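Have a look at the structure below before the remarks.
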Amino acid sequence: MSSHEIKNEVYKFFADIVFAKTGIFYPEKDYYRLDSRINNLMEKYSFETSDELYHAYKNSKTADMETYLIDICTNNETYFFRDTKPFDALAKDMIPAIQAQYPHETINIWSCASSTGQEPLSIIMSIFENLGSATRFTFDATDISTKALSKAKSGLYTGLDVQRGLPIQLLMKYFEQKEDNEWQAKSEILSKVNYSSFNLFTGPFVPEKYHVIFCRNVLIYQDTENKVEILHKLAKTLKPGGFLILGAGESLIGTKTDLAQKSLQNSMVFQRPNETSTAA
Amino acid sequence: MKVLIVDDSNSIAMVVGQMLKTAGYEVERAKDGKDAINVIKENSNIEVVLLDWNMPEMDGLEFLQYNLEHKIVNGPIIMMTTENKPEKIMKALENGASEYIMKPFTQDVLITKIESVTTGGE
């Protein structure tokens with residue numbers, strides 16, 4: 001791997017592309033965070049220098065190069081039952097509240113940055129364990145990274161993946177061991193998830209489609225303007241009374257949505273009011 | 001919080017002990033199940049046991065079964081072993097293990113598994 005100096009012009013070029021495609025913002029002081037990504041691209045496409053990569057990308061980039069760049073620039077760090085509390089809050093408070101408000105509807109849930117699938121499967125296991133597998137719901141899970149989606153769709157996890165956050169009892173119940181200490185999510189949970197590619201930055205967003213949206217640890221990578229825009233779109237995508245779950249420590253401060261903050265099972269969640277429409 | 005490592009491998013006990021100490025845990029060590037019984041008798045403040053499966057004198061499963069009968073451990077027992085077959089895992093759970101760590105693992109797996117059985121994952 002090359003350790004040569006990368007020109008500011010090259011950093012800016014790739015930072016702008018990543019921002020335009022994903023909304024992930026690399027300010028100039030954080031350009032160093034692009035080093036490993038640029039080196040990764042150079043290695044993958046056999047360029048000796050970042051200048052060569054830059055010129056090739058600028059003049060004759062392929063769709064494959066762009067997909068790869070997005071894959072390596074999106075943060076796929078995830079694990080089962082991350083932060084634990086939102087999963088309890090969903091099963092014990094949010095779903096019962098939604099069932100009471102919409103007694104004849106199937107509950108629509110969306111994990112909008114589902115990465116390699118640990119979050120959707122955790123949500124489904126939590127619903128099954130707390131409310132039973134007969135609970136009526138649909139589950140859409142989306143991500144911008146095709147690489148992450150591919151792993152999510154396979155439902156195949158390493159021995160280390162399944163030890164990160166997943167209680168052993170649930171591993172035994174919902175996964176089967178494959179060769180080489182890999183573990184396959186059973187069809188009863190995997191088949192509940194409808195995975196697809198989606199760019200939160202560009203949409204499209206269907207108004208009032210979902211009762212619950214998980215959007216955790218996504219907005220922290222966005223600049224304020226994008227964060228506000230995405231939050232407003234997500235708020236409109238929620239049904240009245242529906243819930244938005246952000247990452248631990250993420251807030252709506254400064255975003256001027258009319259979502260109401262609530263503490264459920266010691267987890268901060270945001271609810272779309274029933275009586276008013278969301279701010280434009 | 002004091003953790004007892006029951007493992008016949010000096011190198012594994014040393015590495016795991018170091019992982020625990022850097023995370024703020026106190027550590028005791030026993031080289032097999034029989035040794036663990038003595039260490040527990042001398043240390044009433046052990047709150048978690050990390051238990052290997054394959055050991056010379058009394059193995060991990062035999063220790064679990066001994067504990068079911070004599071109730072010497074005041075706290076959760078976490079298996080920490082290369083045995084990763086579901087039948088073995090189920091056997092350990094049926095005999096009183098609370099969690100199960102499959103080798104190889106990382107420090108964050110070790111610590112979060114301990115936290116999950118001592119604080120309910122809070």
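What follows is calculated from the coordinates using simple rules that are stated; it is not laboratory data. For clarity, every value in this text was computed on a predicted model and none was experimentally measured. In this analysis, Cβ positions are derived from the backbone assuming ideal geometry, glycine residues included, and neighbour counts consider all displayed protein chains.
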Could you size up the charge dipole of chain A around its Cα centre, putting +1 on the beta carbon of Lys and Arg and -1 on that of Asp and Glu, and report it in debye to the nearest 20?
760 debye
Would you pull out the residues with amide H under 5 Å of B:Glu28's amide H, same chain only if 5 or more places away, H placed 1.01 Å from N?
B:Val3, B:Leu4, B:Ile5
Spin-label model distance (nm) - A:Phe25 vs B:Thr106, 7 Å beyond Cα toward Cβ
2.9 nm
For A:Leu264, other-chain or 5+-apart residues with amide H closer than 5 Å (H placed, Pro excluded) are A:Val269
Lys and Arg at +1, Asp and Glu at -1: add these up for the other residues within a Cβ distance under 13 Å of A:Phe47 and post the number.
-1
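Only four residue types carry charge here, +1 at the Cβ of Lys and Arg and -1 at the Cβ of Asp and Glu. Report the dipole size of the stretch B:2-116 about the Cα centre in Debye, rounded to the nearest 20.
On the way: 12 positive and 19 negative charges, 28 e Å.
So the magnitude is around 140 debye.
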Who wins for biggest fluctuation among A:Lys236, A:Lys61, A:Lys85 in a Gaussian network model of chain A, springs between alpha carbons below 10 Å?
A:Lys61
Fully extended contour minus Cα-Cα distance, from A:Asn266 to A:Lys7, at 0.36 nm per residue:
88.6 nm
Please list the non-local residues whose amide H lies under 5 Å from the amide H of A:Glu208, H modeled 1.01 Å from N, same-chain partners needing a gap of 5 or more.
A:Thr237, A:Leu238
If packing is taken as the average count of other Cβ atoms within 10 Å, what order do A:172-179, A:253-260 fall into, highest mean first?
A:172-179, A:253-260
Can you give the mean number of other chain Cβ atoms that lie within 10 Å of the Cβ atoms in peptide A:168-175?
4
Which one, A:Asn108, B:Val27, A:Ile123, projects farthest toward the positive side of the charge dipole computed for the protein assembly as shown from Cβ point charges (K/R +1, D/E -1)?
A:Asn108
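Report Rg(Cα)/(2.2 N^0.38 Å) for the stretch A:59-135, keeping two decimals.
For the stretch A:59-135, the normalised Cα radius of gyration comes out at 1.51.
Sorted from fewest to most neighbouring beta carbons within 10 Å, what does the list A:Ser145, A:Ser197 look like?
Listed from fewest to most nearby Cβ atoms, that is A:Ser197, A:Ser145.
Under 8 Å for C-alpha pairs, at least 6 residues apart: give me the relative contact order for the stretch A:1-133, rounded to a whole percent.
Numbers: 85 pairs, mean separation 29.0, N = 133.
About 22 percent, as a whole number.
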Chain A - mean residue ellipticity at 222 nm from DSSP helices (-39,500 (n - 2.57) per run, n ≥ 4, rounded to 500)
-11000 deg cm²/dmol
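Cα convex hull of the stretch B:2-116: how many Å³ per residue? Before the final figure, lay out each step's value.
Values: hull volume 10.2 nm³, N = 115.
Measuring per residue, one finds 89 Å³ for the Cα hull of the stretch B:2-116.
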Taking R0 as 30 Å, what's the FRET efficiency between B:Glu47 and B:Thr82 from their Cβ-Cβ distance, rounded to 0.05?
0.75
Rounded to the nearest 500, the 222 nm mean residue ellipticity computed for chain B from DSSP H runs (n ≥ 4, each -39500 (n - 2.57)) alone is -14000 deg cm²/dmol
Quick one: of the DSSP bridges fully inside chain A, what percent are antiparallel, nearest 5?
45 percent
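Note down the Stokes-Einstein diffusion coefficient of the protein assembly as shown in µm²/s, whole number, using a Kirkwood radius over alpha carbon pairs, 25 °C, and 0.890 mPa s.
Working: Rh = 23.7 Å.
Translational diffusion coefficient: 104 µm²/s.
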Sum of side-chain charges, B:Ile114 neighbourhood, beta-carbon under 12 Å (Lys, Arg +1; Asp, Glu -1)
-2
Can you give me the distance in nm between label points at A:Ser154 and A:Thr62, each placed 7 Å from the Cα along the Cα-to-Cβ direction?
2.1 nm
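With a sphere of radius 15 Å drawn around the Cβ of A:Gly254, what net charge do the other residues whose Cβ falls strictly inside it have (Lys, Arg +1; Asp, Glu -1)? Write out the running numbers ahead of the final one.
Numbers: positive: A:Lys227, A:Lys256; negative: A:Asp223, A:Glu225, A:Glu229, A:Glu250, A:Asp258.
Local net charge: -3.
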What's the angle, to the nearest 10 degrees (0 to 90), between helix A:63-73's Cα axis and the longest principal axis of chain A?
70 degrees
